[in-house]
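Here's the structure we're looking at; comments come further down.
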Amino acid sequence: MKQQKKINTQKNLDKKVLTKLNGHKVPKWKQLKQFPKTLSKQENLLIKILSLIILISFVFLIYTNYFKDLETVPKNGGEFTEGLIGSPLYINPILAQKHIDADLDLTSLIFSGLLKYNKDLEIVPDLAEKYEISEDQKTYTFYLKQNVRWHDNEKLTASDVVFTIQSIQDPDFKSPFYRSFEGVTVEKIDDYIVRFTLQEPYAAFLNILTVGIIPQHLWYDIPPINAKLAVYNQKPIGSGPFKFSSLVKEKSGIIKLYTLEKNKNYYDQEPYINEIIFKFYPDYANAIEALINKEVQSLSFLPKEYLNKFANKRDLNIYNINLSQYTAIFFNEKNNDLLKAGEIREALSYGINKNKIIDDLLQGQGQAINGPILPGFLGYNPDIKKYNYQPEKSLEILADAGWKLDGEYLKKDDQELKITLTTVEQNTQIAAANLIKEFWNSIGVNVELQIIPRDQIEKEIIAPRNYQTLLYGEIIGYDPDPFPFWHSSQREHPGVNLANYANRKVDQLLEEARLTNDPTIRQEKYKEFQKLLIEDLPAIFLYTPTYTYPINKKIKGIEIKRIINPFDRFIDIENWYIKTKKSFFK
């Protein structure tokens, strides 16, 4: 008993000594590291396996109860590179040439207008906070946002807006928008209020106020006559979501590389993408090769004839966007008396297989149309008269009119039924012209093709109306207003009434539709206009194509369904993104 008591006493003393020496009741890391040495190999292995199982279980529990419920959302960062055809000339919204896509693409990203289009092609405020229209629809008052700064950090005010519009109106500036603002008075009410006064109501006026605004403090001292020589046309200062960063030129002065960086001080939603790099190519063959070799991640446009090259490209999204443009054959009766006969125009209309053109040449990426106002636009009328492909009806109409087959072609009073079809030197248009020639040959019409280079079509053919029939595409614009295309006042250049069409009742309907903002009234007048137009048959409406936009799948957030101009693909670019993160909130 005494011996046991002595042993216990000694143990207690030992513990006190150890505690005093160590100072800790919990083992130190150095002590714990010695623990595995006291175990056998089997015991050590078992502990490692159990530890791994516990770790995996812990990670799984964290994922299933935390990360699984998080939303994948965009985050800032990344860059993408796009290939464009040609090279920019004037990166300036009031000088940008309408036929140079590179000008318009860059301008749309760098500059802002009073108004803009959203992804549904609805007009919404941009630099403007709000606007008011007077009862007589002649006065438009805009209230500007007060937090907008130029890319050089200067404030954007009403003075910039007034300066921009007055520069457009200055003939020395030679702006493509000059005619759009004829007769418009613009005045500054205060630093953030601008007023426009029109001579008469114009329903589509809001559409032209999407034009980009330029900074007065940089352009004021540049004489308008020298405006096209200014350095700001290539190194612009704007107020849009992206700003100029750098450019690379060839020795000839042609721009080959152009870099934009996001505007971190943008007054609206800051873009997610940090940089956009544009590379410029002389033609589609070179640009498509660059896309295949991954030198670029997207192309501004993919011609339909190249679609097959990308059938198995899994890293690309091919967007087929509805394009507000139509292709038609315009009759010019002044240059061929045969076309004055309604039965000949009617027979030619029934003699064209529109669906074959769409399937063979557009790879099915298009829609047959029967009039100048497209589906989805104000005034569209699905019930207008249709000239579906009926070659037997064409032959019947021509036979009733006294035309008889003499050899390969039809003749009447020793006159052969012969027509010249003119089009632009572009692959799809040439192929379409050849198909149309086959269709018309099959009903006894002798067709001669006239193919005109792109750089000559406007000056040598369209301006002087130097054609009998013209196969051509027209962009109808954001507002469906047919006035520029079908009013008799637009028969001479620079008007675009390519059929030289004149009808007093049509003129009256188009004039009245322009004088009201009431969509119901405009709808009815446009429907009546189309009915009269189709009865007169000054043109054969063929198809509306889609716009094919290929872009790497890494670029996400693209939701555009319909565009008017190619640069509209960037309408919603603030929402495009490359990088993502997990978040509880969208």
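Longest exposed-loop-site-free stretch of the chain, with GluC sites (Glu not before Pro), DSSP loop and at most 16 other Cβ within 10 Å?
The reported range is 1-121.
As I understand it, the dipole of the chain uses +1 on the Cβ of Lys and Arg and -1 on the Cβ of Asp and Glu, about the Cα centre. Which of 55, 371, 352 lies farthest toward its positive end?
Result: 55, furthest along the dipole toward the positive end.
Where the centre of each part is set by its Cα atoms, how far does the stretch 143-189 sit from the stretch 318-388, in angstrom?
39
Residue 199: net charge of surrounding residues, Cβ under 10 Å, Lys/Arg +1, Asp/Glu -1, itself excluded?
-1
Can you give me the long-range amide H partners of residue 565? Hydrogens built in the peptide plane at 1.01 Å from N, cutoff under 5 Å, separation of 5 or more residues or another chain.
Long-range HN contacts for residue 565: none found.
About its Cα centre, how strong a charge dipole does the chain have in debye, to the nearest 20, once Lys and Arg get +1 and Asp and Glu get -1 at the Cβ?
Details: 76 positive and 74 negative charges, 1354 e Å.
In total the dipole reaches around 6500 debye.
Using just the alpha carbons, could you tell me how many Å³ per residue the convex hull of the stretch 323-546 encloses?
On the way: hull volume 26.9 nm³, N = 224.
Taking the convex hull of the Cα positions in the stretch 323-546, it is 120 Å³ per residue.
Loop sites only, by DSSP: take the chymotrypsin sites (Phe, Trp or Tyr not before Pro) in the chain that have at most 12 other C-beta atoms within 10 Å and name the longest stretch containing none of them. List each step's numbers first, then the result.
Working: sites that count: 66, 220, 584, 585.
Of all site-free stretches, the longest is 221-583.
Roughly what % antiparallel, to the nearest 5, for the DSSP beta bridges in the chain?
If we restrict to bridges inside the chain, about 75 percent are antiparallel.
Specify which labelled value, from [x] 45.5; [y] 32.5; [z] 35.6, agrees with mean projected area of the Cα convex hull in nm² derived from the coordinates of the model shown.
The value computed from this structure is option [x].
Read phi for every residue in the stretch 169-182 and hand back ³J(HN,Hα) as whole Hz from Karplus 6.51 cos²θ - 1.76 cosθ + 1.60, θ = phi - 60°, with x for Gly and Pro.
6, 7, x, 5, 6, 6, 7, x, 8, 3, 5, 5, 10, 5
HN-Hα J couplings of the stretch 90-104 from phi, Karplus 6.51/-1.76/1.60, θ = phi - 60°, integer Hz, Gly and Pro as x?
Those phi angles translate into 10, 8, 8, x, 9, 10, 3, 7, 5, 9, 10, 4, 4, 4, 6 Hz.
Can you list residues whose amide H is under 5 Å from residue 580's amide H, if they're 5+ apart or on another chain and H is modeled 1.01 Å from N?
Here 75 satisfy the definition.
Past the 21 Å Cα-Cα mark, which pairs from 235/264; 262/294; 75/553; 75/264?
Flagged as over cut-off: 262/294.
What's the local net charge at residue 489, with K and R +1, D and E -1, over the other residues with C-beta under 13 Å away?
So the surrounding residues net to +1.
Using Cβ counts within 10 Å as a stand-in for footprinting exposure, how do 546, 469, 185 rank, fewest first?
185, 546, 469
When the Karplus curve 6.51 cos²θ - 1.76 cosθ + 1.60 is applied with θ = phi - 60°, which whole-Hz ³J(HN,Hα) does each residue of the stretch 134-140 get, with x for Gly and Pro?
These are the phi-based 3J(HN,Hα) values: 5, 4, 7, 6, 10, 10, 10 Hz.
Can you list the residues, at least 5 places off or on another chain, whose amide H is less than 5 Å from the amide H of residue 450, using H built in the peptide plane?
Those lying under 5 Å, H to H, from residue 450 are 421, 422, 423.
Each reported figure results from applying straightforward, stated rules to the coordinates on display, with no laboratory input. On a predicted model such as this, the values are computed, not experimentally measured, just so you know. Note that we place each Cβ from the backbone using ideal geometry, even for glycine, and neighbour counts take in every protein chain shown.
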